[in-house]
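The structure appears below as structure tokens.
No value in this document is a laboratory result; all are computed from the given coordinates. Computed from a predicted model, the values in this text were never measured in an experiment. Reconstructed Cβ throughout: ideal geometry from the backbone, glycine too, with neighbour counts over all protein chains shown.
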């Protein structure tokens, strides 16, 4: 009898949460998930057949699998999973990640980088899972330990994150370490305070973190093999890529320029890209946006960028309307997560910054990133439910 009553109560809560979650954000997620699958298929089918000798739908099917798993996880977090458990699980997650990163030094390796585990035909990147764990950890820490307004105490969680970033940077994966550092800095800098001195100290702390990232990059040769270091160093030569079109440092970005130029205003049409015929290596990953421009043109790709802005705007609105600090940091952390990935990826593709291997949300192929993006979106949808619930209670 008690089990039946508890089940009814749970189902009632699930219906309530689904009814009250932010519908605009949910619609944007569904649109991006569907469009991303189309883009992954279009950008990967030729490479799958000609380079890997797989069937044309190989990468599409794997992306579809992670999309389905991600959506299930997103709805589970948004409707069932209690947010009061975020902090405890995030601490366990950080301890687990430290162990995993240590094991990576001995077991992990993809493309000269010890950043991946291989399980059969599937690889996964543990550092991607660090991002939602760290956001949940920061949210829980600053919510539960309210004396964050004290400068040195506010740096404790930042120091723990910096410790994790060192492990990631030494894989070597400075790109992911930099993204995590940027997300952490954005969260830290936006913590509420009326203390002007504390604000100045936070700025100095952020500059210190940037200096540490640069220092780690310089010191990499002392910790990793020379071949991997040379590959990292080559990424610093990112300007005027077409003057180095025959070298590794310019070939990929120059072909990305060609794809963008081929697209014109309205594009060649879905599936009609020529650069994906192995001219642009692994075009379905970091360099997927030039393929999008080539196939749907400047007009279509501009609509994609506007859709990204709308997605970011909805998440930011949810963060601003949050009823407590934990919810606010969770939603703002999700906003920072997507913002940093979009800006860093597009800046690298356009040769404004070095290419760091950072995927473009939803459009780039990659199960680890996609799954964690859905986890964060589920947490943000839960915040939107809490916002409406609080508003109704107040009224």
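Here are the numbers for the structure shown:
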{"quantity": "Extension gain (nm, one decimal) between residue 352 and residue 190, 0.36 nm per residue minus Cα-Cα", "calculated": "55.7 nm"}
{"quantity": "Förster-model FRET efficiency, 45 Å R0, residue 265 and residue 4, C-beta, rounded to 0.05", "calculated": "0.15"}
{"quantity": "Difference of contour (0.36 nm per residue) and Cα-Cα distance, residue 103 to residue 343", "calculated": "83.3 nm"}
{"quantity": "Computed label-point distance, nm, for sites residue 390 and residue 72 using a 7 Å Cα→Cβ extension", "calculated": "3.3 nm"}
{"quantity": "Residue order, fewest to most beta carbons within 10 Å, for 137, 362", "calculated": "137, 362"}
{"quantity": "Cβ crowding within 10 Å averaged over residues, with 312-322, 9-19, 378-388 ranked highest first", "calculated": "378-388, 312-322, 9-19"}
